[in-house]
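First comes the structure, then the notes that go with it.
Throughout, read-outs are computed from the coordinates displayed, never taken from laboratory work. Keep in mind the model is a prediction, meaning the values are calculated, not measured. Because the Cβ atoms are built from the backbone with ideal geometry, glycine has one as well, and the counts that use them run over all protein chains shown.
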Amino acid sequence: MVLWSKEQDKPSEMSTGAIETKKEGAPPAYHHTNGSVHPIILTDSPEELRPEAGDYELTEITSFSDRTEAEDDRSEVVVIDCRANAKGQREEDALLENASQSNESDDISTDQSPVPPATLKETSFSIGLQVVFPFLLAGFGTVAAGMVLDIVQHWTVFTEVTEVFILVPALLGLKGNLEMTLASRLSTAANIGHMDTAKDMRNMIMGNLALIQVQATVVGFLASIAAVIFGWIPEGHFEIGHAVLLCASSVSTAFIASLLLGLIMIGVIIGSRKVGINPDNVATPIAASLGDLITLSLLAGISTGLYKQLEYNDYANPLVCAFFVALTPVWVLIARRIPSTREVLYSGWEPVIIAMAISSIGGLILDKTVSNPNFAGMAVFTPVINGVGGNLVAVQASRISTYLHLDGLPMGEPSPTPNKCPTPCTTFFSSSVNSRSARVLFLLVAPGHLVFLYTINSMQGGHTSLTSVFIAFYMTAALLQVLILLYLADWMVNWMWGRGMDPDNFSIPYLTALGDLLGTGFLALSFHILWLIGDRDTDVGD
């Protein structure tokens, strides 16, 4: 920027600093720098709107002057700070760009509803293309988890301590409570520019990893308590050794699985941004692609090893519990240092704990169903139906949350066209980008499940043959589950946003837990109906 100095008749250059003007009563002029508009107040003559020799004086100013004092001195001081950090400048530029887009929209349309940002104006084909491959990858991960559960259900620890089945949905649900929430939170941060610099990215990664370790330890401990209570109440007897075994297995499985999946999520989000893919479309399905398999394998292996220690060492299980609990204060201190995770550390427990309780109810249904030899075939399909429903609704919730963050409406303020309870037509058949994505995700259910069912059948997994009657009941349960979940996502995310709750932290745990409960409940109901009508082929895979 070149300005004429009062002291000399040649231009002087200024890279950083400020302009102090000494004239009064002039209309404001404006200076553009780095995409920002700053006023230059001329105080001598209204006609002088451009710099002349002798009009200005270069002065280095390090802080803003008090406006009241400036008025008393009959002079105006305007500071142009060119040393703002890159992140702040980009945020200011983005706000100006959003305001410009909103003004253009108002000029050409009488519709005053918020206009979606350009980054979310995706076609159905582009949404489907980005979602289908992670969806299939995640689905095959749930198929592998189902095959594992079908095998380990006959292991000694699962037959002698049946409460381990109650832990299965609760721990598999951690991918929704923690990893998918982490993926949604980081996807939103990446899309709105909060991970553009190395420092911001490092803080987000450290804070979020520490946060999910705290949450995993606490949720794992509470899940074991729920399993003990749900197992003790119906049967009426309590064994302290089994209770400590459940606690040690749950806490260690949750901790290790969350650490591994958290690292995978961070890599996926950073990579997707570099190749130009919307991380909302790929991060949450990939979180589940290995989540169920890793978590279930860890649970089976750790619980089996700790069960064997009951005969030889009474202190092994308590020491495992104490070790992981002792690490919790370290993760708390790290998470508190990062502003983006400090708030979640204090206020993000309600959805995680309630979601764990909901998933545990689904685990109780699984325990009572799979323990019956007549319904042993249900085990292989449970992770599949729960995983597919949770993956799809997590994608939708993450997309709607990002849309609201980019839309420019402050959190806590309702939409200009509020819809207290959206109708199914609004959710699935409107012209909005979120309705378009809901249609795409729902249309993936039937072909996806058919692929997964025949994959299981080709590998001779499970204890149920794929008859036409079974496929009809199974597909009805799966379609109904996803239909309900997508509708609830449309209502829940907007409802939470209107009440000042960040949907990235609150919605996905509830939705994936409800997916576990609905999937397990509908699947158990289907198996009971199939048994009643005579479809009792339960020896496949033996």
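Just to confirm a number: summing +1 for Lys and Arg and -1 for Asp and Glu over residues other than P234 whose beta-carbon lies under 15 angstrom from that of P234, what do you get? It would help to have the intermediate numbers written out before the result.
Working: positive: K368; negative: E163, E235, E239, D367.
Taking every other residue near P234 into account, the sum is -3.
Once the other residues with Cβ under 14 Å from the Cβ of G267 are scored (Lys, Arg +1; Asp, Glu -1), what is the net sum? With Lys, Arg at +1 and Asp, Glu at -1, the neighbours total +1.
Convert 10 °C to kelvin, take the viscosity as 1.306 mPa s, use the Kirkwood radius over C-alpha pairs of the stretch 439-542 as Rh, and evaluate the Stokes-Einstein diffusion coefficient in µm²/s, rounded to a whole number. Provide the component values of the computation, followed by the final result.
Details: Rh = 15.5 Å.
Here the translational diffusion coefficient equals 102 µm²/s.
Only Lys, Arg, Asp and Glu carry charge here, each on its Cβ (+1 for the first two, -1 for the last two); on that basis the stretch 165-309 has a dipole of about 380 debye about its Cα centre. Charge tally for L486 (other residues, Cβ to Cβ under 13 Å; Lys, Arg +1; Asp, Glu -1): +2.
Karplus-derived 3J(HN,Hα) values for the stretch 370-380, using 6.51 cos²θ - 1.76 cosθ + 1.60 with θ = phi - 60°, are 5, 5, 7, x, 5, 10, 5, x, 5, 4, 5 Hz; glycine and proline are entered as x. Taking θ as phi - 60° and the Karplus parameters 6.51, -1.76 and 1.60, the scalar couplings of the stretch 267-278 work out to x, 5, 5, 5, x, 5, 5, 5, 9, x, 9, 5 Hz in sequence order, x denoting glycine and proline.
What order do you get for 324-332, 200-208, 234-242, 478-486 when each peptide is scored by the mean count of other beta carbon atoms within 10 Å, highest first?
On the way: 324-332: 14.6, 200-208: 18.4, 234-242: 11.1, 478-486: 22.2.
By packing density, highest mean first, the sequence is 478-486, 200-208, 324-332, 234-242.
With 0.36 nm allotted per residue and the present C-alpha distance subtracted, the L129-W349 stretch has 75.7 nm of extension available.
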